[in-house]
Amino acid sequence: MKIADAAFRQRLEIRRAQVLQDLRTLQAGADTVTRLEELWYTCKFVVLEGDPASYFRIRELFNRYRKHEMEFAELKDGVFHAFFTALTCEIEETNLVNLLTHIWGFLKKHVDGEGDRAQALDLIGTLSAGDLSVVPTLYEHLDSLHFKYGKTNLLNPKLQ
């Protein structure tokens, strides 16, 4: 199912293109596991948004590396391949639903304003009832809560 709100879809595509460009620029300098993990932490929700299979693939790659089942070069190649795959896939509303529930799981412990919490829960309730038209509104609300509560913005990662 495609995203119905064209302006929202365009904002996502512009952001994804910027993240993709930044990752291509940073790829050569990602020469340690620590740096790869930093990039993964920063981009993991953008990856989940684009392609949940790539999200789980990256987690699997790091786990295999930690078990000494692969060399660093193979890890790096696999992680960047998954990044690029996820950032070039068409975004589906079902992936956004999954993403937004993950983001709320991260943010809910930090949101102490009753109005902010109530609005998020109301939108998630509407979403859970099957009304996907609230996806852009919920996305924007959760995006704003990152700033309001001083959390790293996982919806709009800054890589450079």
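Here is a check on your reading of the model: is PHE106 in the same structural domain as VAL19 (by TED's automatic domain parsing) and touching a residue at least 40 places away in the same chain (Cβ under 8 Å)?
Judged against the criteria, PHE106 is not a match.
Quick test for you: out of LEU155, LEU127, LEU100, pick the one residue that is among the aliphatic types (A, V, I, L, M) and not in a helix (DSSP H, G or I).
Being among the aliphatic types (A, V, I, L, M) and not in a helix (DSSP H, G or I) holds for just one of LEU155, LEU127, LEU100, which is LEU155.
Checking the conditions here, which among PHE147, PHE106 is among the aromatic types (Phe, Trp, Tyr), surrounded by 13 or more Cβ atoms within 10 Å (Cβ to Cβ) and assigned to a helix (DSSP H, G or I)?
Exactly one residue qualifies, and that residue is PHE106.
Out of GLU37, GLU49, GLU60, which single residue is farther than 18 Å from LEU155 by Cβ, of a type in the set (Asp, Glu), assigned to a helix (DSSP H, G or I) and touching a residue at least 12 places away in the same chain (Cβ under 8 Å)?
When all the criteria are applied, what remains is GLU37.
Residues checked against (1) touching a Lys or Arg at 6+ places or on another chain (Cβ under 8 Å); (2) closer than 26 Å to THR137 by Cα:
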residue	(1), (2)
ASP5	no, yes
GLU13	no, yes
THR25	no, no
GLY29	yes, no
CYS43	no, yes
VAL47	no, yes
PRO52	no, yes
ARG57	no, no
TYR65	no, no
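With at pLDDT 90 or above, small (Gly, Ala, Ser) and surrounded by 12 or more Cβ atoms within 10 Å (Cβ to Cβ) as the only criterion, which of ALA86, ALA73 stands out?
Selected residue: ALA86, the only one of ALA86, ALA73 that is at pLDDT 90 or above, small (Gly, Ala, Ser) and surrounded by 12 or more Cβ atoms within 10 Å (Cβ to Cβ).
The values are calculated or read from the model by the stated rules, or taken from the named source; none is laboratory data. Everything numeric here is computed off the predicted structure, so don't read it as measured data. Methodologically, a virtual Cβ is constructed for each residue, glycine included, from the backbone with ideal geometry; neighbour enumeration extends over all protein chains shown.
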